[in-house]
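Written below as structure tokens is the structure these notes are about.
The values are calculated or read from the model by the stated rules, or taken from the named source; none is laboratory data. These figures come from a predicted structure and were not determined experimentally. Because the Cβ atoms are built from the backbone with ideal geometry, glycine has one as well, and the counts that use them run over all protein chains shown.
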Amino acid sequence: MGSVLSVNAQRLVADLEALGQIGRVAAGGLSRTSFSATDTEARNWYFERCAEAGLTVVVDGLGNLIVSSPDVVPETTDRPAVWSGSHIDTVPNGGQFDGALGAIAALECLRRIHEEGIVLERPVRSIVYTDEEGSYAHLLGSSALARGYSLAELEAMNGRDGDRFVDAFTAAGGNLDAATRTKIDPATLHATVELHIEQGPTLENLGHEIGVVTGIVGLGGGSVTFRGRADHAGTTPMLGRKDALVAAGALVVAFPDLAARIGDGAVITSGVISVEPGSANVIPELVHVTVDFRHPDANQLAALEAEIRGAARAIADQYGVDVSIDLEPSIPPAPLNQGIQDLIAAAAAARGLSSSCLPSGAGHDSQNMATLAPTGMIFVPSIDGRSHCPQENTSWIDVENGANVLLDTLIQLAGS
């Protein structure tokens, strides 16, 4: 089953190391948030790698990068394509493998197919998805491909730092009219496959080299805003206050109990809280709380959202403040294609690599792509299970193994 072709491991490692220096911050991690200067620098670096390889790049309306070989046999050019890729944006102070591994490994696979002049039944394309990490919306680029965005939706988006999406997007050269025309026809896709670090400890604990991903967790999120009243911190009695931060704190403290009501698999996180007016001697008037919630079952995900909404309203009533709840449409859980799972497992076995089947507790662009075409994911181990932090790491041999299994899987899918 496995292809005799292999990736150029030295080049793959060099590319990951080079990309891992773009956006490096004093805290030790990487900060390449979408549409920032460092994100633009990384994208330009990626364009240069494509040009060096003689590959062509199309940038769609929302900034997704779609890379092709110009040497595809003419009669196969318009056949549904096989896509592979991930993202190169990061969380603040994040690691160098999350997203980057899948994006650069997909490019390396396409380079090897192009270099060797391999003729396949359908095109293989390498993809970089925009804003996977949700600086402005969960899985922004792939959501646009799968369902599209209206101008009103784009204009309503605010970033984690409070900036407007439309301002950041246009400043980076984006065109809003084109952004509303990003949705693609599923008939143009044959299949998609994404290589990713596990971001958890399962493979390392098992001593296995490849993860065959069975499905991806559903996720929702957005913000809850409490509005109270600003008053003097010293002269306003405790019982007379409308403290928005006290209400927000009560909601965050309630998260573990809310998740426990739903049961195993439910998680809720708040990673950003902003307070206005932001003075030590003024009672907080306005507090924004980000909310990220996840569950592998669609019904339970909806129940978890209902718990969060109900708790926010009850807490607002309890503390005499107003509340507004602004949650994005949830991205449903995505079972991954069994046929592609079988191809991945067979490719691993053909290369003498041990593998396990496991679900993903993290969200990925593949769950959007799975609504368009048969989709699979390959995991490689994360050292100590760490991710979204400077300590995120994966061994270079695991990087090479994962890329070779990806290459074999892509050739199988595109050759039939």
Taking interchain pairs and intrachain pairs at least six residues apart, which have beta carbon atoms under 7 angstrom, with the first residue in the range 21-34 and in the same structural domain as ASN93 (by TED's automatic domain parsing) and in a strand (DSSP E or B) and the second surrounded by fewer than 24 Cβ atoms within 10 Å (Cβ to Cβ) and at pLDDT below 95? none
Given the condition buried (at least 17 other Cβ atoms within 10 Å of the Cβ), hydroxyl-bearing (Ser, Thr, Tyr), in the same structural domain as ALA146 (by TED's automatic domain parsing) and assigned to a helix (DSSP H, G or I), answer yes or no: does some residue in the range 370-392 qualify? no
Looking at GLU276, is it surrounded by fewer than 19 Cβ atoms within 10 Å (Cβ to Cβ), acidic (Asp, Glu), farther than 23 Å from VAL82 by Cβ and touching a Leu at 6+ places or on another chain (Cβ under 8 Å)? yes
Just wondering, is there one or more residues in the range 230-238 that are within 23 Å of GLY320 (Cα to Cα), assigned to a helix (DSSP H, G or I), more than 18 Å from the chain's Cα centre (by Cα) and modelled with pLDDT of 95 or more? yes
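Counting just the residues of the range 1-25 that are among the hydrophobic types (A, V, I, L, M, F, W, C) and modelled with pLDDT under 95, which one comes out surrounded by the most Cβ atoms within 10 Å (Cβ to Cβ)?
Just the residues of the range 1-25 that are among the hydrophobic types (A, V, I, L, M, F, W, C), to begin with: 1, 4-5, 7, 9, 12-14, 16, 18-19, 22, 25.
Keeping just the survivors that are modelled with pLDDT under 95 gives 1, 4.
Working: MET1: 14, VAL4: 5.
Looking at the filtered set, the residue picked out is MET1.
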Do you know which residues across the range 123-157 are touching a helix residue (DSSP H, G or I) at 6+ places or on another chain (Cβ under 7 Å) and among the polar types (S, T, N, Q)? SER126, THR130, SER142, SER143
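Residues checked against (1) of a type in the set (A, V, I, L, M, F, W, C); (2) in contact with a Leu (Cβ under 9 Å, 6 or more places away or on another chain):
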{"position": "ALA14", "(1), (2)": "yes, no"}
{"position": "THR33", "(1), (2)": "no, no"}
{"position": "ALA37", "(1), (2)": "yes, no"}
{"position": "ALA42", "(1), (2)": "yes, yes"}
{"position": "VAL72", "(1), (2)": "yes, yes"}
{"position": "THR76", "(1), (2)": "no, yes"}
{"position": "PRO80", "(1), (2)": "no, yes"}
{"position": "TRP83", "(1), (2)": "yes, yes"}
{"position": "ALA100", "(1), (2)": "yes, yes"}
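Specify which of the listed residues (GLY148, GLY173) is over 28 Å from VAL289 (Cα atoms), in the same structural domain as ASP15 (by TED's automatic domain parsing), more than 16 Å from the chain's Cα centre (by Cα) and not basic (Lys, Arg). Even if it seems obvious, please write down each step before you answer.
Values: GLY148 fails: over 28 Å from VAL289 (Cα atoms).
It is GLY173.
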Restricting to the range 49-92, and then to whatever is free of Cβ contacts under 8 Å to residues at least 12 places away in the same chain and part of a helix (DSSP H, G or I), can you tell me which residue is surrounded by the fewest Cβ atoms within 10 Å (Cβ to Cβ)? PRO74
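Return the only residue of ALA362, ALA348 being surrounded by 15 or more Cβ atoms within 10 Å (Cβ to Cβ), at pLDDT below 95, closer than 19 Å to ILE197 by Cα and outside the structural domain of PRO237 (by TED's automatic domain parsing). Spell out how you get there, then give the answer.
Working: ALA348 fails: at pLDDT below 95.
Answer to the selection: ALA362.
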So, in the range 104-156, how many residues would count as being closer than 13 Å to ALA179 by Cα and in a loop (DSSP other than H, G, I, E, B)? 5
For the range 242-266: of the residues being touching a residue at least 40 places away in the same chain (Cβ under 8 Å) and surrounded by fewer than 18 Cβ atoms within 10 Å (Cβ to Cβ), which is nearest to PRO284 (Cα to Cα)? ALA250
Looking at (1) in contact (Cβ under 8 Å) with a residue 24 or more places away in the chain; (2) aliphatic (A, V, I, L, M); (3) more than 21 Å from ILE216 (Cβ to Cβ), which is the one condition that is false for LEU372? (3)
Among SER395, SER382, which is closer than 22 Å to LEU107 by Cβ and either touching a strand residue (DSSP E or B) at 6+ places or on another chain (Cβ under 6 Å) or among the hydrophobic types (A, V, I, L, M, F, W, C) (or both)? SER382
Flag for LEU189 being touching a residue at least 24 places away in the same chain (Cβ under 8 Å), over 30 Å from ALA345 (Cβ atoms), crowded, with 17+ Cβ neighbours inside 10 Å and not assigned by TED's automatic domain parsing to the domain that holds ARG294: no
